[in-house]
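The values are calculated or read from the model by the stated rules, or taken from the named source; none is laboratory data. If you're wondering where the values come from, they're calculated on a predicted model, not measured in any experiment. Methodologically, a virtual Cβ is constructed for each residue, glycine included, from the backbone with ideal geometry; neighbour enumeration extends over all protein chains shown. Each accessible area value is taken on the protein alone, full model and side chains, heavy atoms only, with ligands, DNA and RNA left out. Shrake-Rupley method; radii C 1.70, N 1.55, O 1.52, S 1.80 Å.
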Amino acid sequence: MSLFEYAPAPESRSIVDIRPSYGLFLDGEFTAGTGTPRKTVNPATEEVLAEVATGSDEDVDRAVRAARRAFVKTWGPMRPADRGKYLFRIARLLQERAREFAVLETLDNGKPIRESRDVDVPLAAAHFFYHAGWADKLEHAGLGPAPRPLGVAGQVIPWNFPLLMLAWKVAPALATGNTVVLKPAETTPLTALLFAEICQQADLPPGVVNIVTGAGDTGRAVISHPDVDKVAFTGSTEVGRSIARAVAGTDKRLSLELGGKAANIVFDDAPIDQAVEGIVRGIFFNQGHVCCAGSRLLVQESVHDDVVAALQRRIGTLRVGNPMDKNTDLGAINSPEQLARIRELTAFGETEGATCWQPAGDLPAKGYWFKPTVFTDVSPAHRIARDEVFGPVLSVLTFRTPDEAVAKANNTTYGLSAGIWSEKGSRILKIADQLRAGVVWANTFNEFDPTAPFGGYKQSGYGREGGRQGLAAYLEASK
Ligand code: NDP
């Protein structure tokens, strides 16, 4: 039983007006799709929220043609400072309608309203503000005096941060003068469709942003369309590989942001309570549906028992349940498919000999839920130490020396992120240098900023998003 009980504090959903059905956003207008529509569901309640169109090959072709026209006729020739004004306008509209976006994101995705309100939506707006500033300063991007846009960008995004991943993709593409055909994930299309309304509200010229909803087949049609110049994908390593194969041999440019299995390394001199907060944030933020989640905790052996005990105490206070409640820490798993995958991988953990711990308490009867879970006695060979679970599941391993910590941290096919907890700055810098990870956090975890490039090594993909480096994915260098 927890010491304090919180009274319910549900956010009202009345601010959003969810339509019964949505079409595709092509050439500045909503239009019916020619594929079979799909229903999108609130994963916390299993309630159907809306019916959403599916884009066929033909619809994708219409979208790409609209994007090409806009690239040639309006967006490409536009003065860069004017493009910047549109991006500023979009950023401000996102801020003005922030609460609406947060509520809709939480309903469609299952993430706690606290996170969509305080992280996803403000960061999405920040990406537009940041890139708006770049629009007329591209000669300083490090790509020569007059870098050129690539043309039409085909972008496919996942369900874990639907609006934020849209912002990561659309903002740099537009700031650099490209036009966009974006495919949101099948289970979370609603905030992308609300973003389409923002594009209309901002008077963005038709065809600059096109949003084609649908499943994997629609994504495949986007990335393989012959008139797409640039492909940007975030999602699973498996689909990323198939996209790399599809793009190979064409002159399309490609950036991939794929999975991860980040090490969060706690040294014996780390402030334990602070580290525990960082471990919790590292793995339970967004139900662990985070490519850079700190899913492998590496603890120095001498403090293992203290850290695990403090961690379990802390996890016991996490509130799992109604994502619309402002006190909720862990929301719903996004889909039954993802829940099945989490269950399958955690079952491997137990059969392979690791020890599973979960806090007491019941989960809601309806919806898709998984308790925060900690595995101890994990060896590096276990599947839960190697495979991306993409859920609220932490694997705890130990190390004795800094060299062993580095060797274990790098013993992964991924290389997206890592964390280091230590009181010694010199140690942090030395270890960070040796980690093969695109982002290394020191005494914190899961901090994001549009000015900081994000991306991976090895099977976590290639290319960077954010910062000056992220612009290179959408520009051709000039001499
Ligand atoms: P996917 O990689 O399948 O989905 C990402 C996006 O790609 C979605 O929009 C999806 O469409 C689309 N897509 C699927 N197949 C193709 C294809 N052949 N060509 C083009 N686009 C395609 O991830 P899942 O949602 O299936 O999740 C599976 C696993 O992937 C998770 O368990 C997790 O481990 C990992 N994952 C990692 C993410 C990360 O950021 N690193 C993000 C999401 C998942 P649709 O979903 O509509 O079918």
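Conditions (1) touching a Ser or Thr at 6+ places or on another chain (Cβ under 8 Å); (2) free of Cβ contacts under 8 Å to residues at least 60 places away in the same chain; (3) among the hydroxyl-bearing types (Ser, Thr, Tyr), marked per residue:
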residue: 379; (1), (2), (3): no, yes, yes
residue: 401; (1), (2), (3): no, yes, yes
residue: 408; (1), (2), (3): no, no, no
residue: 416; (1), (2), (3): yes, no, no
residue: 423; (1), (2), (3): no, no, no
residue: 433; (1), (2), (3): no, yes, no
residue: 440; (1), (2), (3): yes, yes, no
residue: 451; (1), (2), (3): no, no, yes
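Of the strands (runs of 3 or more DSSP E) lying entirely inside the range 1-103, those containing at least 2 residues that are within 30 Å of residue 133 (Cα to Cα) and open to solvent by less than 20 Å² (accessible area, probe 1.4 Å) are 24-26. Taken as a whole, the range 256-277 holds at least one residue that is within 26 Å of residue 138 (Cα to Cα), buried (at least 20 other Cβ atoms within 10 Å of the Cβ) and touching a strand residue (DSSP E or B) at 6+ places or on another chain (Cβ under 9 Å).
Are any residues in the range 191-221 within 11 Å of the ligand (Cβ to nearest atom), open to solvent by 10 Å² or more (accessible area, probe 1.4 Å) and in a helix (DSSP H, G or I), and if so, which ones?
Within the range 191-221, the subset within 11 Å of the ligand (Cβ to nearest atom) is 192, 212-221.
In the following step, the residues that additionally are open to solvent by 10 Å² or more (accessible area, probe 1.4 Å) were identified as 215-217, 220-221.
Across the range 191-221, the qualifying residues are 216, 217, 220, 221.
Residue 325 fails exactly one of the following numbered conditions: (1) within 16 Å of the ligand (Cβ to nearest atom); (2) in contact with a Lys or Arg (Cβ under 9 Å, 6 or more places away or on another chain). What is the number of that condition? Only one criterion in (1) within 16 Å of the ligand (Cβ to nearest atom); (2) in contact with a Lys or Arg (Cβ under 9 Å, 6 or more places away or on another chain) is unmet by residue 325, namely (1). Do we have any residue at all in the range 445-465 that's surrounded by fewer than 22 Cβ atoms within 10 Å (Cβ to Cβ), closer than 22 Å to residue 291 by Cβ and of a type in the set (A, V, I, L, M)? Looking through the range 445-465, at least one residue is surrounded by fewer than 22 Cβ atoms within 10 Å (Cβ to Cβ), closer than 22 Å to residue 291 by Cβ and of a type in the set (A, V, I, L, M). Look at residue 294 and say whether it is open to solvent by less than 10 Å² (accessible area, probe 1.4 Å), in contact (Cβ under 8 Å) with a residue 40 or more places away in the chain and in a loop (DSSP other than H, G, I, E, B). Yes; evaluated as a whole, the condition is true for this residue.
Scanning the range 109-122 for residues that are assigned to a helix (DSSP H, G or I), of a type in the set (S, T, N, Q), buried (at least 22 other Cβ atoms within 10 Å of the Cβ) and in contact with a Pro (Cβ under 8 Å, 6 or more places away or on another chain) turns up at least one hit. Here residue 301 meets each of (1) more than 30 Å from residue 235 (Cβ to Cβ); (2) within 16 Å of the ligand (Cβ to nearest atom) with one exception, condition (2).
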